[in-house]
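*Asks:* Can you read through this structure? Questions will come right after.
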Amino acid sequence: MAVHLCVVALALAALLTADREVPVKAAKVISPRMPICEHMEESPVCSQTSNLVCGTDGVTYDNECQICLIRLKTKQDIQIFKDGKC
């Protein structure tokens, strides 16, 4: 009888605990991407078009071409972290 009562108590505790689980929202995973810089060897001039991108160095660039220029000058592996401001 005591064993049966203990099993029932454990089962009840498990049910009460299961109802208290807090749902976890999945975060949007952002993966850096490489800027397309092949054209930079031919003419290292960027357009004045503003299409803000955030570099993996934490700097906001006017456009993808600006990241390519910095990559060429500094030889750093700067990638595009996300579109828009950092």
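*Asks:* Could you compute the net charge surrounding Val53? Neighbours are other residues with a C-beta less than 14 Å from the C-beta of Val53; K and R count +1, D and E count -1.
*Replies:* It works out to a net charge of 0.
*Asks:* Using a 7 Å offset from Cα along Cα-Cβ at Ser50, what residues in the stretch 70-86 end up with backbone N under 14 Å from the label point?
*Replies:* 84-86
*Asks:* Would you grab the residues whose amide H sits under 5 Å from the one on Lys82? Only those 5+ places off in sequence or on another chain, please, with H modelled 1.01 Å from N.
*Replies:* So Lys82 has HN proximity to Cys54.
*Asks:* What is the distance, in nm, between label points placed 7 Å from the Cα along the Cα-to-Cβ direction at His39 and at Asp57?
*Replies:* Computed distance between label sites His39 and Asp57 equals 2.2 nm.
*Asks:* Here's another thing I want to ask about it. What are the residues whose amide H is under 5 Å from the amide H of Asn51, where those residues sit 5 or more places off or on another chain and H is modelled from the backbone?
*Replies:* Here the answer is Asn63, since their amide H atoms fall under 5 Å of that of Asn51.
Each reported figure results from applying straightforward, stated rules to the coordinates on display, with no laboratory input. The shown structure was predicted, so the numbers you read here are calculated from the model rather than taken from an experiment. As a convention, Cβ positions derive from the backbone with ideal geometry for all residues, glycine included, and neighbour counts pool all protein chains shown.
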